[in-house]
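Read through the structure below, which is laid out as C-alpha coordinates, and then see the notes.
The values are calculated or read from the model by the stated rules, or taken from the named source; none is laboratory data. Here the structure is a predicted model, which is why all the values come from computation and not from measurement. Glycine gets a Cβ as well: all are built from the backbone with ideal geometry, and neighbour counts include every protein chain shown. Keep in mind that these areas ignore ligands, DNA and RNA; they rest on the heavy atoms of the full protein, side chains included. Shrake-Rupley method; radii C 1.70, N 1.55, O 1.52, S 1.80 Å.
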Amino acid sequence: MTELDIPVKTHDESRQGEALMLEQPENRNGRKLYIESYGCAMNFSDSEIVASILSEKGFETTNDYKNADVVFINTCSIRENAETRVRNRLKEFKWAKDKNPGMVVGVLGCMAERLKSKFLEEEKLVDVVVGPDAYRDLPNLIDQVDGGQRAVNVLLSREETYADINPVRLNSNGINAFVSIMRGCDNMCSFCVVPFTRGRERSRDAHSIIKECTDLFNEGYREVTLLGQNVDSYKWTDEATNEHVNFARLLELTALVNPELRVRFSTSHPKDITDEVLYTIAKYDNICNYIHLPVQSGNTRILEMMNRTYTREWYIDRIDAIRRILPGCAISTDVITGFCTETDEEHQDTVSMMDYVQYDYAYMFMYSERPGTLAAKRYADDIPEDVKKARLQEIVAKQQQYSHVRLQSQLGKVQRVLIEGYSKKSDQDFCGRNDQNAMVVFPKTEGYKPGQYANVLAEKCTTATLIGRIIE
Ligand code: SAH
Ligand code: SF4
Ligand code: F3S
(Lines give C-alpha, C1' and ligand atoms only; values in the text may rest on other atoms or scores of the structure.)
(Ligands and ions follow the chains in the order given, each with its own letter.)
Protein backbone atom coordinates (compact mmCIF):
# COMPACT_ATOMS: atom_id res chain seq x y z
CA MET A 1 0.00 0.00 0.00
CA THR A 2 1.32 3.40 -0.96
CA GLU A 3 -0.19 5.53 1.73
CA LEU A 4 -0.54 5.42 5.48
CA ASP A 5 -4.29 5.35 5.30
CA ILE A 6 -4.58 1.73 6.35
CA PRO A 7 -7.58 1.33 8.59
CA VAL A 8 -6.82 -0.35 11.92
CA LYS A 9 -9.45 -2.91 11.11
CA THR A 10 -11.45 -3.30 7.97
CA HIS A 11 -13.38 -6.10 6.41
CA ASP A 12 -13.05 -4.50 3.00
CA GLU A 13 -9.25 -4.16 2.86
CA SER A 14 -8.64 -7.87 3.04
CA ARG A 15 -10.88 -8.35 0.02
CA GLN A 16 -9.51 -5.58 -2.21
CA GLY A 17 -8.74 -6.92 -5.64
CA GLU A 18 -10.22 -10.31 -4.92
CA ALA A 19 -11.38 -12.28 -7.95
CA LEU A 20 -14.97 -13.33 -7.67
CA MET A 21 -16.41 -16.69 -8.66
CA LEU A 22 -19.92 -18.04 -8.89
CA GLU A 23 -21.55 -21.35 -9.64
CA GLN A 24 -21.55 -22.07 -13.34
CA PRO A 25 -24.72 -21.38 -15.35
CA GLU A 26 -26.55 -24.07 -17.32
CA ASN A 27 -26.91 -22.13 -20.60
CA ARG A 28 -23.16 -21.66 -21.15
CA ASN A 29 -22.06 -19.46 -24.03
CA GLY A 30 -18.48 -20.73 -23.88
CA ARG A 31 -17.08 -17.39 -22.67
CA LYS A 32 -15.36 -16.81 -19.38
CA LEU A 33 -15.80 -13.73 -17.17
CA TYR A 34 -13.23 -12.52 -14.66
CA ILE A 35 -14.32 -9.79 -12.23
CA GLU A 36 -12.26 -8.08 -9.58
CA SER A 37 -13.53 -5.48 -7.08
CA TYR A 38 -12.13 -2.51 -5.19
CA GLY A 39 -13.65 -0.01 -2.78
CA CYS A 40 -16.57 -0.34 -0.43
CA ALA A 41 -19.05 -3.12 0.25
CA MET A 42 -21.49 -1.54 -2.20
CA ASN A 43 -19.02 -2.22 -4.99
CA PHE A 44 -18.61 -5.85 -3.95
CA SER A 45 -22.37 -6.15 -3.83
CA ASP A 46 -22.64 -4.58 -7.31
CA SER A 47 -20.16 -7.12 -8.70
CA GLU A 48 -22.63 -9.80 -7.63
CA ILE A 49 -25.33 -8.03 -9.66
CA VAL A 50 -23.01 -7.81 -12.67
CA ALA A 51 -22.17 -11.51 -12.39
CA SER A 52 -25.87 -12.31 -12.16
CA ILE A 53 -26.68 -10.30 -15.32
CA LEU A 54 -23.90 -11.97 -17.31
CA SER A 55 -24.55 -15.42 -15.90
CA GLU A 56 -28.10 -15.09 -17.34
CA LYS A 57 -26.38 -14.65 -20.70
CA GLY A 58 -24.37 -17.83 -20.25
CA PHE A 59 -21.02 -16.48 -19.06
CA GLU A 60 -19.01 -18.69 -16.72
CA THR A 61 -16.71 -17.11 -14.13
CA THR A 62 -13.03 -17.79 -13.75
CA ASN A 63 -10.51 -16.71 -11.13
CA ASP A 64 -7.69 -16.54 -13.66
CA TYR A 65 -7.78 -13.35 -15.74
CA LYS A 66 -5.18 -14.71 -18.14
CA ASN A 67 -7.70 -17.25 -19.42
CA ALA A 68 -10.73 -14.97 -19.40
CA ASP A 69 -12.63 -13.67 -22.44
CA VAL A 70 -14.05 -10.72 -20.52
CA VAL A 71 -12.05 -9.04 -17.74
CA PHE A 72 -13.88 -6.52 -15.54
CA ILE A 73 -12.44 -4.32 -12.84
CA ASN A 74 -15.01 -2.70 -10.53
CA THR A 75 -13.31 0.48 -9.38
CA CYS A 76 -13.25 3.02 -6.55
CA SER A 77 -12.47 6.75 -6.71
CA ILE A 78 -12.68 7.67 -3.05
CA ARG A 79 -9.00 8.65 -2.69
CA GLU A 80 -6.27 9.16 -5.23
CA ASN A 81 -4.44 6.01 -4.16
CA ALA A 82 -7.58 3.93 -4.87
CA GLU A 83 -7.39 5.09 -8.48
CA THR A 84 -3.63 4.54 -8.68
CA ARG A 85 -4.14 0.97 -7.62
CA VAL A 86 -6.61 0.39 -10.45
CA ARG A 87 -4.30 1.92 -13.05
CA ASN A 88 -1.46 -0.32 -11.90
CA ARG A 89 -3.71 -3.33 -12.14
CA LEU A 90 -4.72 -2.36 -15.68
CA LYS A 91 -1.03 -2.43 -16.63
CA GLU A 92 -0.96 -6.06 -15.54
CA PHE A 93 -4.03 -6.84 -17.63
CA LYS A 94 -2.24 -5.37 -20.63
CA TRP A 95 0.19 -8.29 -20.69
CA ALA A 96 -2.69 -10.74 -20.90
CA LYS A 97 -4.45 -8.73 -23.60
CA ASP A 98 -1.28 -8.58 -25.70
CA LYS A 99 -1.30 -12.38 -25.73
CA ASN A 100 -5.06 -12.62 -26.30
CA PRO A 101 -6.18 -9.60 -28.38
CA GLY A 102 -9.81 -10.83 -28.40
CA MET A 103 -10.06 -10.25 -24.66
CA VAL A 104 -12.63 -7.60 -23.66
CA VAL A 105 -11.38 -5.34 -20.86
CA GLY A 106 -14.01 -3.33 -18.98
CA VAL A 107 -13.84 -0.70 -16.28
CA LEU A 108 -16.92 -0.57 -14.05
CA GLY A 109 -17.94 1.40 -10.98
CA CYS A 110 -17.01 4.77 -9.56
CA MET A 111 -13.84 5.48 -11.51
CA ALA A 112 -15.68 4.66 -14.75
CA GLU A 113 -18.38 7.14 -13.77
CA ARG A 114 -15.89 9.83 -12.79
CA LEU A 115 -13.74 9.64 -15.92
CA LYS A 116 -16.37 8.54 -18.45
CA SER A 117 -15.10 8.34 -22.04
CA LYS A 118 -11.84 10.02 -20.98
CA PHE A 119 -10.91 6.55 -19.79
CA LEU A 120 -10.86 5.30 -23.36
CA GLU A 121 -8.45 8.06 -24.32
CA GLU A 122 -6.19 7.54 -21.32
CA GLU A 123 -6.09 3.74 -21.21
CA LYS A 124 -5.78 2.27 -24.67
CA LEU A 125 -6.46 -1.30 -23.60
CA VAL A 126 -9.90 -0.50 -22.15
CA ASP A 127 -12.81 -1.51 -24.43
CA VAL A 128 -15.79 -0.69 -22.28
CA VAL A 129 -16.56 1.85 -19.53
CA VAL A 130 -19.72 1.34 -17.47
CA GLY A 131 -21.07 3.38 -14.56
CA PRO A 132 -22.84 1.92 -11.49
CA ASP A 133 -26.38 2.49 -12.80
CA ALA A 134 -25.84 0.98 -16.26
CA TYR A 135 -25.07 -2.67 -15.54
CA ARG A 136 -28.26 -3.94 -17.20
CA ASP A 137 -26.76 -2.67 -20.46
CA LEU A 138 -23.61 -4.84 -20.14
CA PRO A 139 -24.63 -7.65 -22.53
CA ASN A 140 -25.43 -5.05 -25.17
CA LEU A 141 -22.16 -3.19 -24.58
CA ILE A 142 -20.16 -6.43 -24.87
CA ASP A 143 -21.94 -7.06 -28.20
CA GLN A 144 -20.83 -3.62 -29.38
CA VAL A 145 -17.22 -4.43 -28.48
CA ASP A 146 -17.51 -7.78 -30.27
CA GLY A 147 -18.65 -5.77 -33.29
CA GLY A 148 -15.40 -3.82 -33.24
CA GLN A 149 -16.42 -0.68 -31.34
CA ARG A 150 -15.45 0.62 -27.96
CA ALA A 151 -18.47 1.23 -25.71
CA VAL A 152 -19.45 3.59 -22.89
CA ASN A 153 -22.56 3.84 -20.73
CA VAL A 154 -22.25 6.08 -17.70
CA LEU A 155 -25.84 7.28 -17.43
CA LEU A 156 -26.90 7.74 -13.84
CA SER A 157 -30.48 6.97 -12.91
CA ARG A 158 -32.92 8.31 -10.34
CA GLU A 159 -34.77 4.99 -10.16
CA GLU A 160 -32.38 2.07 -10.73
CA THR A 161 -32.03 -0.12 -7.61
CA TYR A 162 -31.61 -3.51 -9.36
CA ALA A 163 -34.41 -4.61 -7.02
CA ASP A 164 -35.53 -7.48 -9.25
CA ILE A 165 -32.05 -8.88 -9.85
CA ASN A 166 -31.22 -11.76 -7.59
CA PRO A 167 -27.51 -11.26 -6.92
CA VAL A 168 -25.45 -14.41 -7.27
CA ARG A 169 -23.30 -14.74 -4.17
CA LEU A 170 -19.65 -14.60 -5.20
CA ASN A 171 -16.96 -16.37 -3.17
CA SER A 172 -19.53 -16.73 -0.46
CA ASN A 173 -19.07 -18.69 2.75
CA GLY A 174 -22.84 -19.31 2.64
CA ILE A 175 -23.25 -17.56 6.00
CA ASN A 176 -22.80 -13.77 5.61
CA ALA A 177 -24.33 -11.71 2.80
CA PHE A 178 -24.52 -8.05 1.84
CA VAL A 179 -27.95 -6.72 0.90
CA SER A 180 -28.09 -3.36 -0.82
CA ILE A 181 -31.06 -1.29 0.45
CA MET A 182 -30.42 1.98 -1.36
CA ARG A 183 -28.11 3.58 -3.90
CA GLY A 184 -26.48 6.98 -4.37
CA CYS A 185 -26.08 9.79 -1.87
CA ASP A 186 -27.69 13.23 -1.55
CA ASN A 187 -25.38 14.60 1.12
CA MET A 188 -22.64 16.44 -0.70
CA CYS A 189 -19.94 16.25 1.96
CA SER A 190 -17.43 18.65 0.44
CA PHE A 191 -14.51 16.16 0.30
CA CYS A 192 -16.48 13.30 -1.21
CA VAL A 193 -16.74 12.02 -4.77
CA VAL A 194 -19.57 9.54 -4.11
CA PRO A 195 -22.51 11.83 -4.98
CA PHE A 196 -20.85 12.36 -8.39
CA THR A 197 -20.04 8.72 -9.03
CA ARG A 198 -23.21 7.14 -7.67
CA GLY A 199 -25.82 9.80 -8.31
CA ARG A 200 -28.94 10.68 -6.37
CA GLU A 201 -30.11 8.75 -3.38
CA ARG A 202 -32.92 6.24 -3.94
CA SER A 203 -34.34 3.54 -1.69
CA ARG A 204 -35.08 0.03 -2.82
CA ASP A 205 -38.53 -1.57 -2.53
CA ALA A 206 -38.79 -2.93 1.06
CA HIS A 207 -40.62 -6.07 -0.09
CA SER A 208 -37.75 -7.02 -2.38
CA ILE A 209 -35.27 -6.47 0.48
CA ILE A 210 -37.24 -8.66 2.88
CA LYS A 211 -37.72 -11.31 0.21
CA GLU A 212 -33.96 -11.36 -0.48
CA CYS A 213 -33.23 -11.73 3.27
CA THR A 214 -35.84 -14.48 3.64
CA ASP A 215 -34.43 -16.38 0.65
CA LEU A 216 -30.93 -16.03 2.09
CA PHE A 217 -32.09 -17.40 5.45
CA ASN A 218 -33.79 -20.34 3.73
CA GLU A 219 -30.55 -21.08 1.86
CA GLY A 220 -28.70 -21.30 5.19
CA TYR A 221 -27.32 -17.75 5.50
CA ARG A 222 -27.30 -16.49 9.08
CA GLU A 223 -26.19 -12.86 8.78
CA VAL A 224 -27.18 -10.01 6.49
CA THR A 225 -25.57 -6.57 6.33
CA LEU A 226 -27.94 -3.90 5.00
CA LEU A 227 -25.93 -1.51 2.85
CA GLY A 228 -26.30 2.15 1.93
CA GLN A 229 -24.15 5.30 2.05
CA ASN A 230 -26.56 6.72 4.62
CA VAL A 231 -28.92 3.98 5.78
CA ASP A 232 -30.70 6.30 8.21
CA SER A 233 -32.27 8.19 5.34
CA TYR A 234 -33.87 5.02 3.91
CA LYS A 235 -37.41 5.96 2.90
CA TRP A 236 -39.92 3.93 0.91
CA THR A 237 -43.71 3.97 0.64
CA ASP A 238 -45.79 0.90 -0.05
CA GLU A 239 -48.24 2.16 -2.65
CA ALA A 240 -50.71 -0.65 -1.94
CA THR A 241 -51.09 0.09 1.78
CA ASN A 242 -49.61 3.60 1.91
CA GLU A 243 -47.31 2.40 4.70
CA HIS A 244 -44.19 4.55 5.08
CA VAL A 245 -41.13 2.43 5.79
CA ASN A 246 -38.22 4.28 7.42
CA PHE A 247 -34.91 2.70 8.42
CA ALA A 248 -36.10 1.74 11.93
CA ARG A 249 -39.09 -0.09 10.43
CA LEU A 250 -36.92 -1.77 7.77
CA LEU A 251 -34.55 -2.99 10.49
CA GLU A 252 -37.52 -4.36 12.41
CA LEU A 253 -38.94 -6.14 9.35
CA THR A 254 -35.52 -7.68 8.66
CA ALA A 255 -35.13 -8.79 12.28
CA LEU A 256 -38.56 -10.45 12.07
CA VAL A 257 -37.46 -12.64 9.13
CA ASN A 258 -36.13 -15.06 11.74
CA PRO A 259 -34.63 -14.64 15.22
CA GLU A 260 -31.68 -16.78 14.07
CA LEU A 261 -30.80 -14.30 11.31
CA ARG A 262 -28.31 -11.66 12.47
CA VAL A 263 -28.84 -8.18 11.11
CA ARG A 264 -26.04 -5.64 10.63
CA PHE A 265 -26.05 -2.37 8.69
CA SER A 266 -23.70 0.28 7.34
CA THR A 267 -23.27 3.28 7.15
CA SER A 268 -25.11 5.44 9.71
CA HIS A 269 -24.92 9.21 9.41
CA PRO A 270 -24.62 11.27 12.63
CA LYS A 271 -27.11 13.85 11.37
CA ASP A 272 -29.80 11.25 10.66
CA ILE A 273 -29.45 8.40 13.17
CA THR A 274 -32.57 8.55 15.38
CA ASP A 275 -33.39 7.29 18.86
CA GLU A 276 -36.11 5.22 17.15
CA VAL A 277 -33.37 3.27 15.33
CA LEU A 278 -31.50 2.80 18.63
CA TYR A 279 -34.64 1.55 20.41
CA THR A 280 -35.30 -0.88 17.55
CA ILE A 281 -31.77 -2.28 17.93
CA ALA A 282 -32.41 -2.62 21.67
CA LYS A 283 -35.72 -4.41 21.09
CA TYR A 284 -34.42 -7.24 18.90
CA ASP A 285 -31.64 -9.56 20.07
CA ASN A 286 -30.73 -10.41 16.49
CA ILE A 287 -29.97 -6.80 15.47
CA CYS A 288 -26.28 -6.53 16.30
CA ASN A 289 -24.95 -4.02 18.82
CA TYR A 290 -22.52 -2.40 16.46
CA ILE A 291 -22.80 1.03 14.84
CA HIS A 292 -20.42 2.56 12.32
CA LEU A 293 -20.82 6.32 12.85
CA PRO A 294 -18.20 8.27 10.88
CA VAL A 295 -17.15 11.46 12.66
CA GLN A 296 -14.60 12.70 10.04
CA SER A 297 -13.40 15.47 12.40
CA GLY A 298 -13.96 16.44 16.04
CA ASN A 299 -13.92 20.15 15.27
CA THR A 300 -17.07 22.12 14.42
CA ARG A 301 -15.41 24.58 12.05
CA ILE A 302 -13.87 21.75 10.02
CA LEU A 303 -17.15 19.81 10.07
CA GLU A 304 -18.85 22.88 8.66
CA MET A 305 -16.28 23.17 5.89
CA MET A 306 -16.77 19.49 5.21
CA ASN A 307 -20.51 20.18 4.90
CA ARG A 308 -21.27 17.36 7.31
CA THR A 309 -24.20 19.40 8.76
CA TYR A 310 -23.58 18.49 12.40
CA THR A 311 -21.43 19.99 15.13
CA ARG A 312 -19.08 18.40 17.65
CA GLU A 313 -21.82 18.77 20.28
CA TRP A 314 -24.43 17.11 18.08
CA TYR A 315 -22.12 14.14 17.44
CA ILE A 316 -21.41 13.79 21.17
CA ASP A 317 -25.15 13.86 21.85
CA ARG A 318 -25.63 10.93 19.43
CA ILE A 319 -22.81 8.98 21.11
CA ASP A 320 -24.39 9.64 24.52
CA ALA A 321 -27.74 8.39 23.17
CA ILE A 322 -26.08 5.17 21.94
CA ARG A 323 -24.37 4.63 25.30
CA ARG A 324 -27.65 5.30 27.15
CA ILE A 325 -30.00 3.19 25.00
CA LEU A 326 -27.53 0.46 24.02
CA PRO A 327 -24.96 0.02 26.78
CA GLY A 328 -22.15 -2.21 25.50
CA CYS A 329 -22.79 -1.31 21.84
CA ALA A 330 -19.60 -1.25 19.78
CA ILE A 331 -18.97 1.95 17.83
CA SER A 332 -16.57 2.49 14.93
CA THR A 333 -15.79 5.56 12.89
CA ASP A 334 -14.06 7.12 9.89
CA VAL A 335 -11.62 10.01 10.35
CA ILE A 336 -9.91 12.31 7.83
CA THR A 337 -6.70 14.09 8.86
CA GLY A 338 -5.35 17.26 7.29
CA PHE A 339 -8.53 18.55 5.68
CA CYS A 340 -8.12 22.03 4.14
CA THR A 341 -7.02 24.69 6.67
CA GLU A 342 -7.09 22.28 9.66
CA THR A 343 -4.89 23.68 12.45
CA ASP A 344 -3.02 21.65 15.06
CA GLU A 345 -5.55 22.77 17.63
CA GLU A 346 -8.45 21.63 15.48
CA HIS A 347 -6.74 18.30 14.93
CA GLN A 348 -6.51 17.97 18.72
CA ASP A 349 -10.32 18.18 18.80
CA THR A 350 -10.38 14.97 16.74
CA VAL A 351 -7.91 13.39 19.16
CA SER A 352 -10.05 14.38 22.15
CA MET A 353 -13.15 13.03 20.40
CA MET A 354 -11.38 9.67 20.15
CA ASP A 355 -10.67 9.85 23.89
CA TYR A 356 -14.30 10.70 24.57
CA VAL A 357 -15.87 7.94 22.48
CA GLN A 358 -13.19 5.24 22.82
CA TYR A 359 -14.07 3.65 19.49
CA ASP A 360 -13.87 -0.09 19.00
CA TYR A 361 -12.44 0.37 15.51
CA ALA A 362 -11.58 3.26 13.22
CA TYR A 363 -10.84 3.68 9.54
CA MET A 364 -8.42 6.58 9.24
CA PHE A 365 -7.33 8.49 6.15
CA MET A 366 -5.28 11.48 5.06
CA TYR A 367 -7.34 13.99 3.11
CA SER A 368 -7.04 13.35 -0.62
CA GLU A 369 -8.41 16.07 -2.89
CA ARG A 370 -10.85 14.70 -5.46
CA PRO A 371 -11.40 16.63 -8.70
CA GLY A 372 -14.86 18.14 -9.06
CA THR A 373 -15.83 17.98 -5.39
CA LEU A 374 -16.99 21.06 -3.50
CA ALA A 375 -13.79 21.14 -1.45
CA ALA A 376 -11.63 20.97 -4.58
CA LYS A 377 -13.53 23.93 -6.02
CA ARG A 378 -13.66 26.04 -2.87
CA TYR A 379 -10.58 25.38 -0.76
CA ALA A 380 -6.87 24.88 -1.28
CA ASP A 381 -5.49 21.49 -0.25
CA ASP A 382 -3.05 23.39 1.94
CA ILE A 383 -1.93 20.99 4.66
CA PRO A 384 1.51 19.58 3.79
CA GLU A 385 1.72 15.82 3.27
CA ASP A 386 4.07 15.32 6.25
CA VAL A 387 1.65 17.13 8.58
CA LYS A 388 -1.28 15.04 7.33
CA LYS A 389 0.82 11.94 7.88
CA ALA A 390 1.97 12.91 11.38
CA ARG A 391 -1.63 13.62 12.40
CA LEU A 392 -2.70 10.30 10.94
CA GLN A 393 0.04 8.47 12.83
CA GLU A 394 -1.06 10.10 16.06
CA ILE A 395 -4.66 8.96 15.72
CA VAL A 396 -3.71 5.49 14.44
CA ALA A 397 -1.60 4.97 17.57
CA LYS A 398 -4.40 6.22 19.78
CA GLN A 399 -6.95 4.00 18.10
CA GLN A 400 -4.75 0.95 18.52
CA GLN A 401 -4.80 1.56 22.26
CA TYR A 402 -8.58 1.94 22.39
CA SER A 403 -9.24 -1.08 20.15
CA HIS A 404 -7.24 -3.10 22.67
CA VAL A 405 -8.99 -1.54 25.67
CA ARG A 406 -12.40 -2.30 24.15
CA LEU A 407 -11.45 -5.92 23.45
CA GLN A 408 -10.10 -6.34 26.96
CA SER A 409 -13.40 -5.09 28.38
CA GLN A 410 -15.04 -8.15 26.79
CA LEU A 411 -12.75 -10.65 28.52
CA GLY A 412 -14.35 -13.01 31.05
CA LYS A 413 -17.73 -12.64 29.35
CA VAL A 414 -19.66 -15.28 27.43
CA GLN A 415 -20.12 -14.16 23.83
CA ARG A 416 -22.68 -15.42 21.34
CA VAL A 417 -20.60 -16.08 18.26
CA LEU A 418 -21.81 -16.97 14.77
CA ILE A 419 -19.27 -19.53 13.54
CA GLU A 420 -18.17 -18.28 10.10
CA GLY A 421 -15.38 -20.74 9.30
CA TYR A 422 -11.93 -21.79 10.37
CA SER A 423 -9.18 -19.60 11.74
CA LYS A 424 -6.59 -18.45 9.19
CA LYS A 425 -3.82 -19.89 11.34
CA SER A 426 -5.26 -23.34 12.09
CA ASP A 427 -8.11 -25.47 10.78
CA GLN A 428 -8.40 -26.84 14.30
CA ASP A 429 -9.86 -23.48 15.38
CA PHE A 430 -13.18 -21.90 14.50
CA CYS A 431 -13.56 -18.20 13.94
CA GLY A 432 -16.59 -15.92 13.95
CA ARG A 433 -17.77 -12.57 15.23
CA ASN A 434 -19.66 -11.66 18.36
CA ASP A 435 -22.61 -9.30 18.51
CA GLN A 436 -20.21 -6.31 18.76
CA ASN A 437 -18.42 -7.39 15.59
CA ALA A 438 -15.20 -8.49 17.34
CA MET A 439 -13.43 -11.47 15.79
CA VAL A 440 -13.36 -14.48 18.15
CA VAL A 441 -11.18 -17.58 17.69
CA PHE A 442 -11.80 -20.80 19.66
CA PRO A 443 -11.01 -24.52 19.37
CA LYS A 444 -13.17 -26.61 17.06
CA THR A 445 -15.64 -28.50 19.21
CA GLU A 446 -17.61 -31.70 18.53
CA GLY A 447 -21.22 -31.01 17.53
CA TYR A 448 -20.61 -27.51 16.11
CA LYS A 449 -20.09 -26.36 12.53
CA PRO A 450 -19.91 -23.10 10.54
CA GLY A 451 -23.30 -21.40 10.29
CA GLN A 452 -24.21 -22.28 13.88
CA TYR A 453 -24.11 -20.09 16.96
CA ALA A 454 -21.88 -20.94 19.92
CA ASN A 455 -21.53 -19.48 23.40
CA VAL A 456 -17.87 -18.70 23.80
CA LEU A 457 -16.10 -17.57 26.97
CA ALA A 458 -13.50 -14.96 25.97
CA GLU A 459 -10.33 -15.72 27.94
CA LYS A 460 -7.61 -13.62 26.32
CA CYS A 461 -7.05 -11.31 23.39
CA THR A 462 -4.44 -10.28 20.86
CA THR A 463 -4.50 -6.74 19.40
CA ALA A 464 -7.50 -7.49 17.20
CA THR A 465 -8.96 -10.87 18.21
CA LEU A 466 -10.63 -12.43 21.23
CA ILE A 467 -9.54 -15.97 22.08
CA GLY A 468 -11.78 -18.31 24.02
CA ARG A 469 -13.57 -21.65 24.28
CA ILE A 470 -17.09 -22.91 23.81
CA ILE A 471 -19.19 -23.13 26.97
CA GLU A 472 -21.84 -25.84 26.53
N1 SAH B 1 -21.17 7.22 3.28
C2 SAH B 1 -20.19 7.07 4.23
C3 SAH B 1 -18.78 7.16 3.73
C4 SAH B 1 -18.38 6.58 2.44
S5 SAH B 1 -16.73 6.88 1.97
C6 SAH B 1 -20.35 8.17 5.24
O7 SAH B 1 -20.92 9.19 4.99
O8 SAH B 1 -19.82 8.01 6.30
C9 SAH B 1 -15.82 6.17 3.31
C10 SAH B 1 -14.91 7.10 4.00
O11 SAH B 1 -13.86 7.52 3.16
C12 SAH B 1 -15.52 8.40 4.49
O13 SAH B 1 -16.24 8.25 5.66
C14 SAH B 1 -14.32 9.28 4.67
O15 SAH B 1 -13.75 9.14 5.95
C16 SAH B 1 -13.33 8.73 3.65
N17 SAH B 1 -13.18 9.67 2.53
C18 SAH B 1 -14.11 10.06 1.64
N19 SAH B 1 -13.60 10.97 0.79
C20 SAH B 1 -12.31 11.17 1.15
C21 SAH B 1 -11.25 11.99 0.66
N22 SAH B 1 -11.44 12.82 -0.36
N23 SAH B 1 -10.04 11.92 1.28
C24 SAH B 1 -9.85 11.09 2.32
N25 SAH B 1 -10.81 10.30 2.82
C26 SAH B 1 -12.03 10.32 2.25
FE1 SF4 C 1 -19.80 10.83 0.80
FE2 SF4 C 1 -20.96 12.23 2.70
FE3 SF4 C 1 -22.44 10.74 1.06
FE4 SF4 C 1 -20.89 9.58 2.87
S5 SF4 C 1 -22.65 10.88 3.30
S6 SF4 C 1 -21.09 9.01 0.71
S7 SF4 C 1 -19.13 10.92 2.94
S8 SF4 C 1 -21.25 12.54 0.50
FE1 F3S D 1 -15.31 3.89 -3.63
FE2 F3S D 1 -17.47 4.27 -5.00
FE3 F3S D 1 -17.58 2.91 -2.76
S4 F3S D 1 -15.88 5.75 -4.69
S5 F3S D 1 -15.97 3.84 -1.55
S6 F3S D 1 -16.51 2.31 -4.55
S7 F3S D 1 -19.14 4.26 -3.55
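Of note:
- Across the protein chains, with a 1.4 Å probe defining accessible surface, the residues Glu223, Glu243, Glu345 rank Glu345, Glu243, Glu223 from largest area downward.
- Percentage of interatomic Cα-Cα distances in the chain larger than 39 Å: 22 percent
- Residue list for region 397-430, given a label point 7 angstrom along the Cα-to-Cβ vector of Glu459 and an amide N cut-off under 15 Å: 411-415, 429-430
- One equal scatterer on each Cα of region 13-153, no solvent, Debye formula: the resulting log10 I(q)/I(0) at q = 0.12, 0.13, 0.17, 0.21 Å⁻¹ is -0.41, -0.48, -0.87, -1.43.
- If a spin label sat at a point 7 angstrom from the Cα of Asp382 along the line to its beta carbon, no backbone N atom of region 284-309 would be nearer than 12 Å.
- With every protein chain in place, the chain: carbon and sulfur % of accessible area (1.4 Å): 49 percent
- Cβ-based charge dipole, the chain, positive-most Cα from Asn187, Val405, Thr341: Val405
- When you count the other C-beta atoms within 10 angstrom of each residue and take the mean per peptide, 426-432, 32-38, 235-241, 260-266 line up highest first as 32-38, 260-266, 426-432, 235-241.
- Summing Cβ point charges (Lys, Arg +1; Asp, Glu -1) relative to the Cα centre of region 414-470 gives a dipole of roughly 60 debye.
- Debye, to nearest 20: dipole size of the chain, +1 on Lys, Arg Cβ, -1 on Asp, Glu Cβ: 640 debye
- Counting only DSSP H runs of at least 4 residues, each contributing -39500 (n - 2.57), and dividing by the residue count of the chain, the helix-based mean residue ellipticity at 222 nm comes to -10000 deg cm²/dmol.
- In this structure the chain gives 42 Å² per residue of accessible area when probed at 1.4 Å with all protein chains present.
- Each label was represented as a point 7 Å from its Cα along the Cα-to-Cβ direction; for Asp285 and Asn81 these points are 4.3 nm apart.
- Taking label positions 7 Å along the Cα-Cβ direction at both Glu159 and Asn307, the computed distance is 2.8 nm, reported to one decimal.
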